[in-house]
Amino acid sequence: MRKLGEVQRFYILVILLPLAACTALFLLRPVLDKPGRTLCIFRQATGLPCPACNTGHGVYKLLEGDLQGAVYHNPVSIIAIVVAFLAAIYLIVDVATQKPNFYLAFKKSEDYLHRHKSLLLLIFLFAAMDWAWQLAKHFHYI
């Protein structure tokens, strides 16, 4: 049996993880829509939301056309939808052209972040602000 290369493993991961996540959210939505139910391990352990909590609900709201509801649930849901849409386009183009453009773009962005570590600080600050938003909602400040 032939061993998969790095590029093949990347594409398998990029295709299977979102499919598994979307399938799980779709199948578990009736259960998760009940108050107090969550898939978040951090929230189950601490009782507090993590920065990514409610992203799935935000994505549902966005797909329903409710931008305000999406932002309220988690502003990261907008980024998640945009990234998913761009990744889907990249994958379609890569399949059509038989070239690993998405993989190469991912590697370039990864290298760029390694060279410009100050951007990681901005990403961390954004995550911290998002977490503050989640905690403010949790403690009913918003």
Peptide ranges 19-26, 88-95 listed from the most packed, as the mean C-beta count within 10 angstrom indicates: 88-95, 19-26
Peptides 110-116, 78-84 ordered by average Cβ neighbours within 10 Å, highest first: 78-84, 110-116
Mean Cα-pair separation over length for the chain, i.e. relative contact order, pairs under 8 Å, 6 or more apart, %: 22 percent
Calculated SAXS-style log₁₀ I(q)/I(0) at q = 0.11, 0.17, 0.27, 0.28 Å⁻¹ - region 69-142, Debye, Cα scatterers: -0.44, -0.83, -1.14, -1.17
Where trypsin sites (Lys or Arg not before Pro) fall in DSSP loop in region 1-82, at most 16 other Cβ within 10 Å: 2, 3, 37
Residues whose placed amide H lies under 5 Å from that of residue 74, excluding near-sequence neighbours: 58
Isotropic mean projected area of the C-alpha convex hull, region 42-112 (nm²): 6.6 nm²
Cα-based helix-to-principal-axis angle, 117-138 vs the chain, degrees rounded to 10: 30 degrees
Relative compactness, the chain, computed as alpha-carbon Rg over 2.2 N^0.38 Å: 1.22
C-alpha long axis of helix 101-115 to longest principal axis of the chain, angle in °: 70 degrees
Helix-only mean residue ellipticity at 222 nm for the chain, each DSSP H run of n ≥ 4 adding -39500 (n - 2.57), per residue, nearest 500: -25000 deg cm²/dmol
Label point distance in nm, residue 24-residue 12, each placed 7 Å from Cα along Cα→Cβ: 1.9 nm
Table column - 3J(HN,Hα) (Hz), region 86-95, Karplus curve with 6.51, -1.76, 1.60, x for Gly and Pro: 5, 5, 5, 5, 4, 5, 5, 4, 5, 5
Under Karplus coefficients 6.51, -1.76 and 1.60, residue-wise ³J(HN,Hα) of region 41-56 in Hz, glycine/proline x: 5, 4, 5, 5, 7, 10, x, 10, x, 8, x, 8, 4, 6, 5, x
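Throughout, read-outs are computed from the coordinates displayed, never taken from laboratory work. Keep in mind the model is a prediction, meaning the values are calculated, not measured. All Cβ positions, even for glycine, are placed from backbone atoms using ideal geometry, and neighbour counts span all protein chains on display.
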